[in-house]
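One structure is given here, and the rest of the page talks about it.
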Amino acid sequence: MDVAIVGVGLHPFGRTASMSGLEQGAAAVRAALADAGTDFKAMQFAFGGSQDGGNADSLVNLLGLTGLQFTNVANGCATGGSSLNAAYSAIKSEQYDVGLVVGFDKHARGAFNPQPKDWGLEDWYGETGLMLTTQYFGMKIQRYMHDHGISRDTLIRVAEKAYRNGSLTPTAWRRTALSWEEIDNAPMVSEPLNKYMFCSPAEGGCALVVCRSDIAHRFHPRPIYLKTAVVRSRNYGSFEVFSPSQPPEVADSPTVTASTAAFELAGVGPSDIDVAQLQDTEVGAEIMHMAENGFCAHGDQERWLAEGATDINGKLPVNTDGGCLANGEPVGASGLRQVHEICVQLRGEAGERQVAGEPQVGYTHVYGAPGISGVNILTR
Amino acid sequence: MSEAKPLHEGLFNWPDPAAGLIGSRCLDCGEHAFPSQSSCRACSSQNTVLADLGSAGTLWTWTIQSFMPKAPYDTDETPETFTPYGVGYIELACGLKVESRLRENTPEQLNIGMPMKMELITVRQNEDGDELLTFQFCAAKESH
């Protein structure tokens with residue numbers, strides 16, 4: 001049984017002072033249900049997650065106590081991907097006919113401050129100033145630039161594209177395009193990445209209604225089919241965040257293993273993808289993820305960005321809604337926002353940022369601490 | 001009487017820091033880890049022993065921490081006295097790459113591949129006035 005997405009809903013990312021994280025999640029669910037022309041009572045199951053916004057299953061207090069199976073998912077940046085993976089299995093196995101995937105969050109301002117003990121580390125690691133994701137991102141792209149000849153210009157180009165696409169996305173948080181000079185001169189955060197090259201923790205919610213493909217048209221005239229939903233964790237040797245030491249040999253990242261498995265399961269290849277969402281917690285991540293997901297060779301990003309290949313009108317539009325850079329990262333919702341954007345693009349409903357030529361196949365990729373990746377491949 | 005002592009036991013040799021960092025080695029597959037681990041993350045074996053990792057290596061990658069981190073960062077600094085510090089991975093003789101604070105804190109001072117050596121720095125004083133120490137790396141040759 002194939003799996004269809006028949007309803008998508010988003011509570012705009014950014015800051016909504018008047019609403020709790022849970023309320024933003026509920027708003028996203030209501031939007032997704034309305035999009036699918038159904039109601040919460042019809043949902044047989046839900047998978048949902050939030051890092052800082054409360055237990056996802058508390059949503060029933062706002063949406064209705066219907067007795068459905070509601071499973072909380074907590075998998076860091078891959079929470080949305082893991083929820084969707086679980087929903088995919090529930091439909092694919094024919095356990096259920098229709099259900100809900102939801103993610104939401106509401107983070108404090110400023111960088112995350114993870115605690116060492118939650119990551120199997122001891123207090124010294126945090127106390128001495130090594131427990132910062134920003135450092136890892138800086139160090140990974142620093143080495144990558146050294147190994148593969150990526151210039152700082154390419155970092156700036158990714159940021160330029162993100163805020164340009166954000167300016168075309170009504171639900172984005174950062175809706176002002178930034179000039180090369182503004183990005184170039186922003187305060188440094190963690191060499192070589194400056195303020196405009198990082199995304200920020202944020203708030204928001206996103207929900208999807210999923211169902212058996214044979215009943216999809218009851219809900220929506222243009223179902224989007226979820227061909228595969230893959231989540232993988234790190235292998236020994238993969239260069240990951242919060243690692244006091246790294247083995248001698250650098251192994252493929254979980255992005256590579258998730259991507260390879262997803263292409264194989266979906267029976268398509270990178271050249272079949274018409275529009276992609278790649279995790280861009282910072283510009284270096286988007287650059288590296290272009291190659292780790294198989295879309296170009298390592299080092300070719302320099303040319304791709306210079307030629308605008310990942311622009312909305314390029315050969316592979318990437319992060320058409322501005323990605324994490326322009327939307328911020330409410331961890332529980334972020335991965336589902338990617339799927340939302342692909343659904344909108346494949347339906348042809350993306351307005352000013354619509355990819356031309358009726359895109360048929362879309363791709364989403366999340367990556368997060370401590371080395372986890374989720375990939376989805378979707379078709380019209 | 002106040003004294004200097006490691007912030008955390010078992011990361012480096014003490015009181016003879018010249019012997020460098022302490023990690024572990026798996027007797028089954030030979031892989032090293034830092035800090036020492038009782039089970040091997042490469043092969044799942046529990047047959048590991050402590051191993052001296054030395055105090056010298058080369059810089060594998062780096063960044064600079066330019067703002068004072070939030071908790072759990074815990075030093076005697078204030079936002080006013082905070083000094084940016086480098087962070088990098090040092091590739092040791094055994095091949096293991098160890099994450100470390102770096103003394104150098106400007107891009108001009110840091111290059112991938114440069115020789116590095118371990119030193120100790122004070123993280124903070126405890127309530128008894130003891131200096132709590134951790135390791136960091138710095139350029140093996142003074143820059144000119």
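Remarks
- Once backbone amide H atoms are built at 1.01 Å from N, A:Asn194 has A:Val189 as its partners under 5 Å, excluding neighbours fewer than 5 places away on the same chain.
- ³J(HN,Hα), Karplus 6.51/-1.76/1.60, whole Hz, each residue of the range A:307-319, x for Gly, Pro: 8, x, 5, 9, 5, 4, 9, x, 6, 9, x, 10, 6
- For the range A:178-234, applying the loop criterion from DSSP together with a ceiling of 11 other beta carbons within 10 Å to the GluC sites (Glu not before Pro) yields no site.
- By the beta-carbon count within 10 Å of each Cβ, the least crowded to most crowded order of A:Leu265, B:Leu7, B:Leu92, fewest first, is A:Leu265, B:Leu7, B:Leu92.
- HN-Hα J in Hz across the range A:36-41 - Karplus 6.51, -1.76, 1.60, θ = phi - 60°, x for Gly and Pro: 8, x, 9, 9, 5, 4
- With bins 10 Å wide beginning at 0, the percent of Cα pairs of the range A:244-380 falling in each bin runs 12, 46, 35, 7, 1.
- Cleavage-rule hits (GluC sites (Glu not before Pro)) in the range A:207-296: DSSP loop, at most 13 neighbouring Cβ within 10 angstrom: A:Glu249
- Taking A:Lys161, B:Lys141, B:Lys5 and counting other C-beta atoms within 10 Å, the order from fewest to most: B:Lys141, B:Lys5, A:Lys161
- Chain B: equivalent-ellipsoid semi-axes (sqrt of 5 x gyration tensor eigenvalues, Cα, Å): 26, 21, 14
- Selected from B:Val49, B:Val87, B:Val98 as most flexible by GNM, with chain B as the system and alpha-carbon contacts under 10 Å: B:Val49
- Rounded to the nearest whole Hz, the Karplus-based 3J(HN,Hα) values (6.51 cos²θ - 1.76 cosθ + 1.60, θ = phi - 60°) of the range A:172-178 follow the sequence 6, 8, 8, 10, 10, 5, 10, with x at glycine and proline.
- Between the helical axis of A:331-347 and the longest alpha-carbon principal axis of chain A there is an angle of about 70 degrees.
- For the range B:59-144, taking the reciprocal of the average inverse distance between every pair of different Cα atoms yields a Kirkwood hydrodynamic radius of 13.9 Å.
- With 25 Å as the limit on Cα-Cα distance, the pairs of A:Lys140/B:Lys70; A:Lys117/B:Lys141; B:Lys70/B:Lys141 that go past it are A:Lys117/B:Lys141; B:Lys70/B:Lys141.
- Build a GNM of chain B with springs between Cα atoms under 10 Å apart, and of B:Lys97, B:Lys117, B:Lys70 the one that fluctuates most is B:Lys70.
- Of every Cα-Cα pair in chain A, the percent that sits beyond 30 Å: 32 percent
- Length gained when the stretch B:Ile121-B:Phe82 is fully extended (0.36 nm per residue, less Cα-Cα span): 12.6 nm
- For chain A, a Gaussian network of Cα nodes joined below 10 Å ranks A:Val230, A:Val283, A:Val241 by mean-square fluctuation, and the top entry is A:Val241.
A short reminder: the numbers here are calculations on the coordinates, not readings from a lab. Keep in mind it's a predicted model, so treat the numbers as computed, not measured. When we count neighbours, we look across all protein chains shown, and the Cβ atoms used for this are built from the backbone with ideal geometry, even at glycine.
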